[in-house]
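Here is the structure we will look at.
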Amino acid sequence: MKDIRAAAVQFQHAPGDKTVNMDILRAFVEEAAAQQVNLIAFPEMCLTGYWHVRNLSREAVEALAEPVPSGTSTQTLLDLSAQYNITIGAGLIEQDEHGTLYNTYVVAMPDGLTAHHRKMHCFISQHMASGSEYTVFDTPHGCRVGVLICYDNNLVENARIMALMGVEVVLAPHQTGGCLSRSPHAMGLIDPELWHNRHQNPDAIEAEFRGSKGRAWLLRWLPSRAHDNGLFLLFSNGVGYDDGEVRTGNAMIFDPYGEILAETSKAANDMVVADLDASIQPLSSGRRWLKARRPALYDRLTAPTGEEEDARTVRFGKKGVDRKL
């Protein structure tokens, strides 16, 4: 891996308005170029909007979807990538040649190549499928990158497989924080009025963002994905009001020791930038621990327990999503 400068973005998308969302993305890319950023990560489904999709009909989801890489959004990302010499990752809804819909993260690179990851644990819509492949690729800036979208990061096996596949930097796009969780000790709803009054009282909403519904919850587990596997990790997230819930932003960049290199708690669109020092990775705890693995002991990791359920059921319960959430 070469040293690179990376950025992670949080922004409030306009539900269903890809033109507005692409304009926001473009402005951040221009800002990143001015700071000589090589790699920038935007949030999950930031181009299409996210939480409102749970209540859309199949026809409405299809209206937001695009083919990848031939679709307009991917082509625009490629143009921006070539213009500014930045590798750009952003989330959208993909429809493949068979009509299957996916929560997909597209990465456009300055050499004209693309990679795209289909979320492996998709739950946002009954009309969207989960992907079944890991996404790992080399960028023109000299680093090996993997993508895990939101819930993909919740399962420890996925981050470990990234490391075993030679990944050095994980892009971790999310739409999280401030969620109505089924667990009594995970996140929780934020009063939308705090967001709407953020300009008059920024301290109140930012305290929520830093607390147990946002940053404090993330720091229970997210740094371990980087630390335990010796990975740089770019956490990008939605921020602000999103169809009844308030996303907490908290864009962060972690080093291979799980230390935070850059972060924000602003109740606003924002970007954090950090230099990724490749020299610290080989001797990081996670990289050294990987060498002590005893794969012959791990057969149970791939053996079904009989308790497996799809991500939508795990996330929302047996009845699926409550349309009144």
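Where a number appears in this text, it was derived from the coordinates with a stated rule and is not lab data. The structure displayed is predicted, hence computed values, not measured ones. Methodologically, a virtual Cβ is constructed for each residue, glycine included, from the backbone with ideal geometry; neighbour enumeration extends over all protein chains shown.
Built from the Cα atoms of the range 47-134, the convex hull projects on average onto 5.5 nm², one quarter of its surface area.
Ranked by the mean number of other Cβ atoms within 10 Å per residue, highest first, peptides 206-214, 174-182, 304-312 order as 174-182, 206-214, 304-312. Label positions at K318 and T100, each projected 7 Å from the Cα along the C-beta direction, are separated by 2.9 nm.
Ordering 18-29, 110-121 by mean Cβ neighbour count within 10 Å, with the highest value first, yields 110-121, 18-29. Within the shell of other residues whose beta carbon sits under 9 angstrom from the beta carbon of L92, the net charge comes to -1, with Lys and Arg scored +1 and Asp and Glu -1. Among P295, P173, P43, the largest mean-square fluctuation in a Gaussian network model of the chain, built with springs joining Cα atoms closer than 10 Å, belongs to P295. Using a cut-off of 30 Å between Cα atoms, the listed pairs K2/K213; K213/K291; K213/K318 include K2/K213; K213/K291 as exceeding that distance.
Look at where the Cα atoms of the range 45-66 and of the range 248-313 average out, and the two centres are 28 Å apart. The L290 and Q200 beta-carbon pair, evaluated with R₀ = 56 Å, returns a calculated FRET efficiency of approximately 0.70.
Translational diffusion of the chain was estimated from the Stokes-Einstein equation, with Rh taken as the Kirkwood radius over Cα pairs; at 4 °C and 1.567 mPa s the coefficient is 65 µm²/s.
Remark on the range 137-253: ratio of C-alpha radius of gyration to 2.2 N^0.38 Å is 1.16. Hey, in the GNM for the chain with a 10 angstrom Cα cutoff, which one of A163, A129, A296 fluctuates hardest? In this elastic network of the chain, the residue with the biggest mean-square fluctuation among A163, A129, A296 is A296. Only beta bridges with both residues in the chain are counted; by DSSP, about 65 percent of them are antiparallel. Each Lys or Arg adds one and each Asp or Glu takes one away; over the other residues whose Cβ falls under 13 Å from the Cβ of H199, this sums to -1.
Computed from label points 7 Å out along Cα-Cβ, the spacing between R26 and T305 is 4.8 nm. Here is how the number arises for the chain: DSSP H runs of 4 or more residues each give -39500 (n - 2.57), the sum is divided by the residue count, and the result at 222 nm is -7000 deg cm²/dmol.
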